1. Report whether or not residue 242 is surrounded by 18 or more Cβ atoms within 10 Å (Cβ to Cβ) and part of a strand (DSSP E or B).
2. Examine region 368-388 for a residue that is modelled with pLDDT of 95 or more, part of a helix (DSSP H, G or I) and either within 25 Å of residue 232 (Cα to Cα) or in contact with a helix residue (DSSP H, G or I) (Cβ under 8 Å, 6 or more places away or on another chain) (or both), and state whether such a residue exists.
3. Tally time: how many residues in region 95-122 are outside any strand (DSSP E or B) and surrounded by 23 or more Cβ atoms within 10 Å (Cβ to Cβ)?
4. Report yes if some residue within region 327-343 is over 20 Å from the mean Cα position of the chain (by Cα) and in a strand (DSSP E or B); otherwise report no.
5. Can you tell me which residue among 76, 89 is within 24 Å of the chain's Cα centre (by Cα), in a loop (DSSP other than H, G, I, E, B) and more than 30 Å from residue 184 (Cα to Cα)?
6. Of the numbered conditions (1) closer than 23 Å to residue 396 by Cα; (2) surrounded by 21 or more Cβ atoms within 10 Å (Cβ to Cβ), residue 360 satisfies every one except a single condition; which is it?
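The values are calculated or read from the model by the stated rules, or taken from the named source; none is laboratory data. These numbers were taken from a predicted model, which means no experiment stands behind them. Don't worry about glycine lacking a Cβ; one is built from the backbone with ideal geometry, like all the others, and counts go over all protein chains shown.
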């Protein structure tokens, strides 16, 4: 489906509008989704430099029924920012200003194109940091984190991005500008529109400014790694540590297969066995917390337990975990990795789901590296299959589907942090029920009655045929 986007040069300078094939191709995929999986590419790429630019583009596009899909760094994994029905790719990367930092209030105001690492760097000048940054924080944007409701390695202690967003400036589908939330740390004034925008994947509005809460940097930081001979012992140790109240800032698990893939990529010389990566934050008494964790792990037959306060040694100990995304991609050119799963379950069900994935791998002779933010029940996995064997690729898809469905059966979710996009639409109703999804559709219609903003995402149905985008939920 294509759209006449020539109106863009009437509302913005030529330097902010591109119809070039290279730009359009760059915006036709994200980090985890191939172009043909979405079925379209944008007709134009627009690079706004202000809230006024965004409002102008959305007003003009809405008037003409042209879809607009917000785009930033393209590090998402479910096709969230990729235009499903052509139209405008709204690239927000030029809106990258840190507007203001207010250390007395532990707050920072940023535009959506600011990289997560830049927020931490600005906060560090005042002895603070932004705790919920995901693992991709060095090369993903704050706007993308907000609309995907991202989370990361420190979620077990500090929560997800949603917990640190105070106020948002948002441009609606019709080009109106609204502010939702408050710079106060709490408010009961009216409906919580801010939390509707967080996690909405650009389907309800476009974030143009965010006020984020910051945290004081802890005086004591220790990091390390524990190894186990058995994945069941390792996953049980995670559950026991969280249940027992061990105060960890990070607690990440990788299985033996994942360790082998990391070794192949980094040549670290690690043993190919399950590992738990740990980090502790405190202002005092950190040794007691580490000893508590060690005692819990010893009850699950931990083989080695090493924790250090040396920055270089901590980085070395964590390297295998931090480079996993690249390690998995580089592992075997003859095997195709399906896009990463990120199911999440209640922590008591975490060992069961990890075991379920490993049983499926053994049953079907598939490689399924399993890892993730174990402390909050988040299981990342990737199913590998022979790239030139359609039957094996189909089997891998079926196995991945079974893992997602099992997570939902256990009271969990199909996606803990990557979002729905196009890759998880089929699970939305299974997870939330018909009534729940219909209420989501009604929210979408209220915010965006013509379905201009990022159509084709989140909801199970596709958009009707025709030159104009239909409303979500129409037959």
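1. Details: surrounded by 18 or more Cβ atoms within 10 Å (Cβ to Cβ): yes; part of a strand (DSSP E or B): no.
So residue 242 fails the test.
2. No, there is no match, as no residue in region 368-388 is modelled with pLDDT of 95 or more, part of a helix (DSSP H, G or I) and either within 25 Å of residue 232 (Cα to Cα) or in contact with a helix residue (DSSP H, G or I) (Cβ under 8 Å, 6 or more places away or on another chain) (or both).
3. Filtering region 95-122 down to residues outside any strand (DSSP E or B) leaves 95-97, 103-106, 111-114, 116-122.
Filter once more, keeping what is surrounded by 23 or more Cβ atoms within 10 Å (Cβ to Cβ): 95, 111-114, 116, 119.
Matching residues across region 95-122 total 7.
4. Keep residues of region 327-343 that are over 20 Å from the mean Cα position of the chain (by Cα), which gives 330-336.
Filter once more, keeping what is in a strand (DSSP E or B): 335-336.
Yes: region 327-343 contains one or more residues that are over 20 Å from the mean Cα position of the chain (by Cα) and in a strand (DSSP E or B).
5. On the way: 89 fails: in a loop (DSSP other than H, G, I, E, B).
From the options 76, 89, the qualifying one is 76.
6. (2) is the only condition that residue 360 fails.
Residue-wise test of (1) touching a strand residue (DSSP E or B) at 6+ places or on another chain (Cβ under 7 Å); (2) in the same structural domain as residue 240 (by TED's automatic domain parsing); (3) surrounded by fewer than 17 Cβ atoms within 10 Å (Cβ to Cβ).
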{"position": "379", "(1), (2), (3)": "yes, no, no"}
{"position": "382", "(1), (2), (3)": "yes, no, no"}
{"position": "391", "(1), (2), (3)": "no, no, yes"}
{"position": "397", "(1), (2), (3)": "no, no, yes"}
{"position": "403", "(1), (2), (3)": "yes, no, no"}
{"position": "410", "(1), (2), (3)": "no, no, no"}
{"position": "433", "(1), (2), (3)": "no, no, yes"}
{"position": "449", "(1), (2), (3)": "no, no, yes"}
{"position": "459", "(1), (2), (3)": "no, no, no"}
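This table checks each residue for (1) at pLDDT 95 or above; (2) surrounded by 21 or more Cβ atoms within 10 Å (Cβ to Cβ); (3) over 30 Å from residue 127 (Cα atoms).
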site	(1), (2), (3)
198	yes, yes, no
203	yes, yes, yes
220	yes, no, no
246	yes, yes, no
